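Peer 1: Have a look at this one before I ask anything.
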Amino acid sequence: MRGKHVEEAGLDDFVEIREGDALTTLAANLPETIDFVLLDGAKPLYLDILALLESRLRPGAMIVADNADYSPDYLARVRAPESGYLSLPFDGDVELSMKLG
């Protein structure tokens with residue numbers, strides 16, 4: 001499925017939208033590398049979703065987690081100094097994280 005705004009922006013070749021249970025839809029057929037992830041679903045699953053995608057995140061990949069305050073385990077993971085992420089709160093309860101080398 002492609003979003004209308006993705007098409008209008010000319011990003012069809014770069015964006016993949018998966019609908020459904022993230023633990024199912026992201027468990028298979030992932031691209032070789034992932035550059036950007038938007039987490040905006042079931043907050044308690046954010047850490048599990050990160051675990052599914054982590055091996056595919058390229059250095060410099062960005063993760064935006066909406067309402068991240070409702071996922072304290074996720075925040076603890078991406079904010080930990082040894083986590084491999086640079087992470088900071090952005091615009092209220094949105095967390096912006098970058099995968100480091």
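Peer 1: Convert each backbone phi in region 51-57 into a coupling constant with the Karplus relation 6.51 cos²θ - 1.76 cosθ + 1.60 (shift: θ = phi - 60°), then list the ³J(HN,Hα) values in order as whole Hz, x for Gly and Pro.
Peer 2: 4, 5, 9, 3, 5, 9, 6
Peer 1: Still on this model: Evaluate E = 1/(1 + (r/R0)^6) for L88 and E54, where r is the Cβ-Cβ distance and R0 equals 25 Å; express this FRET efficiency to the nearest 0.05. Could the numbers behind the result be given before it?
Peer 2: On the way: r = 19 Å, r/R0 = 0.76.
My answer for the efficiency is 0.85.
Peer 1: Also, I was wondering about something else. I need the chymotrypsin sites (Phe, Trp or Tyr not before Pro) found in the chain, filtered to DSSP loop residues with at most 10 other beta carbons within 10 Å of theirs. Don't jump to the answer; show the numbers that get you there.
Peer 2: Details: sites: F14, F36, Y46, Y70, Y74, Y85, F90; in loops: F14.
Of the chymotrypsin sites (Phe, Trp or Tyr not before Pro), the ones in loops of the chain whose Cβ has at most 10 other Cβ atoms within 10 Å are F14.
Peer 1: Roll a 1.4 Å probe over the protein heavy atoms and report the accessible area of V78 in Å², nearest 10.
Peer 2: The accessible area comes out at roughly 0 Å².
Peer 1: A further question on this structure: How much accessible area per residue does the chain have, counting only protein heavy atoms and a probe of 1.4 Å, in square angstrom?
Peer 2: Values: 6430 Å² over 101 residues.
Per-residue value: 64 Å².
Peer 1: Further, regarding this structure: Roughly how many debye, to the nearest 20, is the charge dipole of region 10-101 about its Cα centre, given +1 on each Lys and Arg Cβ, -1 on each Asp and Glu Cβ, and no other charges?
Peer 2: Details: 7 positive and 17 negative charges, 71 e Å.
About 340 debye.
Peer 1: Largest first and in whole Å, give the semi-axes of region 49-92's equivalent ellipsoid, each being the square root of 5 times a Cα gyration tensor eigenvalue. Intermediate values should be presented prior to the final figure.
Peer 2: Details: eigenvalues 57, 26, 25 Å².
They are 17, 11, 11 Å, listed from largest to smallest.
Peer 1: List, largest first, the extents of the alpha carbons of region 1-60 along their principal axes, each in whole Å.
Peer 2: Taking max minus min along each principal axis of the Cα atoms, region 1-60 gives 32, 25, 19 Å.
Peer 1: On to the next question. Rounded to two decimals, what is Rg over Rh for region 28-72 when you use alpha-carbon atoms and the Kirkwood radius?
Peer 2: Values: Rg = 10.6 Å, Rh = 11.0 Å.
That ratio equals 0.96.
Peer 1: Note the per residue figure in Å³ for the convex hull of the C-alpha positions in the chain. Don't jump to the answer; show the numbers that get you there.
Peer 2: Numbers: hull volume 10.9 nm³, N = 101.
Output value, Cα hull per residue: 108 Å³.
Peer 1: Same structure again: Give me the percent of the accessible area of the chain that comes from carbon and sulfur atoms, probe 1.4 Å, all protein chains in place. Numbers along the way, then the final one.
Peer 2: Values: 3610 of 6430 Å².
Accessible surface attributable to carbon and sulfur in the chain totals 56 percent.
Peer 1: Something else about it: Around D66, under 13 Å between beta carbons, what's the net of Lys plus Arg minus Asp minus Glu among the other residues?
Peer 2: Working: positive: K43; negative: D40, D69, D91, D93, E95.
Local charge sum for D66: -4.
Peer 1: Accessible area, 1.4 Å probe, largest first: how do L50, L26, L100 sort?
Peer 2: Values: L50 10, L26 35, L100 75 Å².
From most accessible down to least: L100, L26, L50.
The values are calculated or read from the model by the stated rules, or taken from the named source; none is laboratory data. Small disclaimer: the values here were computed from a predicted structure and weren't measured. Every residue, glycine as well, gets a Cβ built from its backbone with ideal geometry; the counts of neighbours run over all protein chains shown. Ligands, DNA and RNA are excluded from the accessible area calculation, which covers all protein heavy atoms including side chains. Shrake-Rupley method; radii C 1.70, N 1.55, O 1.52, S 1.80 Å.
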